[in-house]
Amino acid sequence: MKLLRRGAEAELYETDFEGKPSLLKKRVSKSYRCKELDNEIRASRTGLESRLLGNARSLGVKTPQVYKLDKEDKEIVMELIPGERVKDVLNEKNFGNICKRIGQDIAKLHSYEIVHGDLTTSNILLHNEELFFIDFGLGSHSKKIEDKAVDLLVFKKTFEATHADLMPKGWEKIIEGYEVKMGQKGKDVVKHIERIEKRARYH
Ligand SMILES: Nc1ncnc2c1ncn2[C@@H]1O[C@H](COP(=O)(O)OP(=O)(O)OP(=O)(O)O)[C@@H](O)[C@H]1O
Ligand SMILES: [Mg+2]
């Protein structure tokens, strides 16, 4: 197995599953957490990630197909997407189209009450002009507007930091896609983001 990347909480290996090019995501233990809690957290995030990858996929948001889940070893084997991270390819020329589609996909997730929990342009891959969402280990199911607004607000913060050159126009495209896809509910979430931002400014 070839180590592809070491993420904040996992090691990612390139491997093979029944002859298919695959990716193994292994959540490694964190020595600063007590052993029992650490085991519990890694097992639950691994299970959650696998479930949400499947849920998102079934409602038409592209994600890597999960081939194998092993909660004991805290591992998921999934389809390897041979693309690039949106973070590495987003630019002045392509941002309009990509950002709008990102917004539409987030709207699809939110319409089905799925909150991603860690939206960043390194957790969205681009392959053959298609977007794939990954890294659902901090996700949840929620009906609350607040949770959806926070999901977007966290994304906005990382987007501003990573793609300062595309602000505010890139973010505006994401919101445009989101509102178009989600209708009035989407507008309510966006209004709520503004309320949270105001609240933060006055504190
Ligand atoms: N199915 C996949 N196909 C191709 N590349 C992938 C796949 N899953 C993850 N990667 C690559 O590995 C990186 C880290 O994966 P992931 O975000 O799931 O782990 P993480 O530990 O949460 O990492 P980070 O802390 O960087 O978010 C991704 O940014 C991507 O480059
Ligand atoms: Mg990630």
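Within the stretch 27-54, being in contact (Cβ under 8 Å) with a residue 40 or more places away in the chain and either buried (at least 18 other Cβ atoms within 10 Å of the Cβ) or in the same structural domain as Phe132 (by TED's automatic domain parsing) (or both) holds for Arg27, Arg45, Thr46, Glu49, Leu52, Leu53.
For the stretch 5-51, how many residues meet the condition of being at pLDDT 95 or above, within 12 Å of ligand 1 (Cβ to nearest atom) and hydrophobic (A, V, I, L, M, F, W, C)? Within the stretch 5-51, residues that are at pLDDT 95 or above, within 12 Å of ligand 1 (Cβ to nearest atom) and hydrophobic (A, V, I, L, M, F, W, C) number 6. Of the strands (runs of 3 or more DSSP E) that lie entirely inside the stretch 1-89, those containing 2 or more residues that are of a type in the set (Ser, Thr, Tyr) span 10-17.
Give the stretch 105-124 a look and list any residue that's surrounded by fewer than 21 Cβ atoms within 10 Å (Cβ to Cβ) and touching a Lys or Arg at 6+ places or on another chain (Cβ under 6 Å), or say none. Glu113, Ser122, listed by residue number.
Out of the residues in the stretch 113-155 meeting the condition of being among the hydroxyl-bearing types (Ser, Thr, Tyr) and farther than 24 Å from Gly83 by Cβ, tell me which one is nearest to ligand 2 (Cβ to nearest atom). In this case the residue turns out to be Ser140. Quick check, is Glu160 farther than 26 Å from Met78 by Cα, out of contact with any helix residue (DSSP H, G or I) (no Cβ under 7 Å at 6 or more places or on another chain) and either of a type in the set (S, T, N, Q) or away from ligand 2 (no atom under 16 Å from the Cβ) (or both)? Against the criterion (farther than 26 Å from Met78 by Cα, out of contact with any helix residue (DSSP H, G or I) (no Cβ under 7 Å at 6 or more places or on another chain) and either of a type in the set (S, T, N, Q) or away from ligand 2 (no atom under 16 Å from the Cβ) (or both)), Glu160 qualifies.
Between Leu138, Leu109, Leu152, Leu125, which is in a strand (DSSP E or B) and at pLDDT 95 or above? Before the answer, list the steps.
Working: Leu138 fails: in a strand (DSSP E or B); Leu109 fails: in a strand (DSSP E or B); Leu152 fails: in a strand (DSSP E or B).
Exactly one of Leu138, Leu109, Leu152, Leu125 is in a strand (DSSP E or B) and at pLDDT 95 or above, namely Leu125.
For the stretch 132-147, the set of residues classified as open to solvent by 20 Å² or more (accessible area, probe 1.4 Å), of a type outside the set (Gly, Ala, Ser) and more than 8 Å from ligand 1 (Cβ to nearest atom) consists of Leu138, His141, Lys143, Lys144, Ile145, Glu146, Asp147, listed by residue number.
Looking only at the stretch 101-110, decide whether some residue is within 16 Å of ligand 2 (Cβ to nearest atom) and within 25 Å of Leu3 (Cα to Cα). Within the stretch 101-110, not a single residue is within 16 Å of ligand 2 (Cβ to nearest atom) and within 25 Å of Leu3 (Cα to Cα). Within the stretch 62-104, the set of residues being more than 13 Å from ligand 1 (Cβ to nearest atom), open to solvent by less than 40 Å² (accessible area, probe 1.4 Å) and among the aliphatic types (A, V, I, L, M) comprises Leu90, Ile98, Ile102. Once the stretch 106-131 is narrowed to residues that are within 9 Å of the chain's Cα centre (by Cα) and among the polar types (S, T, N, Q), the residue that is nearest to Val150 (Cα to Cα) is Thr120. Does the stretch 54-63 include one or more residues that are at pLDDT 95 or above and closer than 11 Å to Lys25 by Cα? Scanning the stretch 54-63 turns up no residue that is at pLDDT 95 or above and closer than 11 Å to Lys25 by Cα.
The values are calculated or read from the model by the stated rules, or taken from the named source; none is laboratory data. Predicted model, so just to flag it, every value in this text is computed and none were measured. Because the Cβ atoms are built from the backbone with ideal geometry, glycine has one as well, and the counts that use them run over all protein chains shown. Ligands, DNA and RNA are excluded from the accessible area calculation, which covers all protein heavy atoms including side chains. Shrake-Rupley method; radii C 1.70, N 1.55, O 1.52, S 1.80 Å.
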